[in-house]
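These notes are about the structure you will find just below.
FYI, it's all coordinate maths here, none of it is from the lab. Everything numeric here is computed off the predicted structure, so don't read it as measured data. Here the Cβ positions follow ideal geometry from the backbone for every residue, glycine too, while neighbour counts run over all protein chains shown.
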Amino acid sequence: MVLQHATWPEVEAYLQRSRGVVIPLGSTEQHGPTGLIGTDSITAETVARAMGELAGALVGPTLSMGPAQFNLAFPGTVSLRPTTLIQVIIDYVQSLARSGFTHFYFMNGHGGNVAPTWCAIQELHADRSLGREAATPLQFRLRSWWDLAEVNDIRQRLYGAGEGMHATPSEIAITQHVLPDSRRPDKLPAPALLSPGFIKFHAGDNHLDAQAHRAQFPDGRVGSNSGLARPEHGEALLAAAATAAARDYAAFLAGEPA
Ligand code: NI
């Protein structure tokens, strides 16, 4: 069930049986010469809606912009400041909390969203801890689809170190599956492998400013061999993500620890 495609009586009826909602988090940023600028939003929304089908969960509107300042030297990127995303998430959650939702499951498709989303969750908890919010306590879970164990196994098996960090073959494969006509020919050479130290320091898209980032990664890919992507991989990755996330969502609603 997709919130935007529902009516208010349908949402009211849904709330009689569930207080949970899935919120897809994406980004609008370059994904290398062959990846779509909407890759992170397309992947997050597709996984969220597929898991929502399996779990009988309501799926809210995709937040299709996130912090991506490091990609602003590539045309077409639209970036929010981290503080903007924090405020948008707080307003999104508080709006639905007003309706009666208590369990918020974020399905994330962009590394740069992770830190601001945790900050927003802490701001929401702080409101209650400081006595400014008397309503029912709110519960949150944040998952990036590629971190789900079953998905991680597939992408390691298919791509190994060629998965890299940005414009990954796994995310591009999902867009190729969802939008078959969008596939571009990709004869790009494999980029240099990233060092373990680089991957650790830059986790969560903790990158430099836009000029420095483009100078460091001239074609926009960060260690990712995008040419390995195949639509059939995307189909398998999506199926694994939806199944694992639906199971994780059920555990979340049941109060089991992450
Ligand atoms: Ni991405």
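A few notes on this one:
- Size-normalised alpha-carbon gyration radius of region 3-253, reference 2.2 N^0.38 Å: 1.02
- Residue of H202, H233, H103 that the Gaussian network model of the chain assigns the largest fluctuation, springs spanning Cα pairs under 10 Å: H202
- The calculated 222 nm mean residue ellipticity attributable to helices in the chain amounts to -14500 deg cm²/dmol, summing -39500 (n - 2.57) over DSSP H runs of n ≥ 4 and dividing by all residues.
- Rounded to the nearest whole Hz, the Karplus-based 3J(HN,Hα) values (6.51 cos²θ - 1.76 cosθ + 1.60, θ = phi - 60°) of region 165-172 follow the sequence 10, 8, 6, 5, x, 5, 6, 5, with x at glycine and proline.
- Phi angles of region 20-34 translate, via the Karplus equation with coefficients 6.51, -1.76, 1.60 and θ = phi - 60°, into HN-Hα couplings of x, 9, 9, 10, x, 10, x, 7, 10, 7, 4, 10, x, x, 10 Hz per residue; Gly and Pro are given as x.
- DSSP bridge pairs, the chain: antiparallel proportion in percent, nearest 5: 15 percent
- Computed 3J(HN,Hα) for region 75-82, one whole-Hz value per residue from the Karplus formula 6.51 cos²θ - 1.76 cosθ + 1.60 where θ = phi - 60°, is x, x, 6, 10, 10, 9, 6, x, glycine and proline marked x.
- Region 206-253 versus region 4-38: alpha-carbon centroid distance in Å: 18 Å
- Summing charges over neighbours of A68, with a neighbour being any other residue whose Cβ is under 13 Å away from its Cβ, gives -2 when K and R count +1 and D and E count -1.
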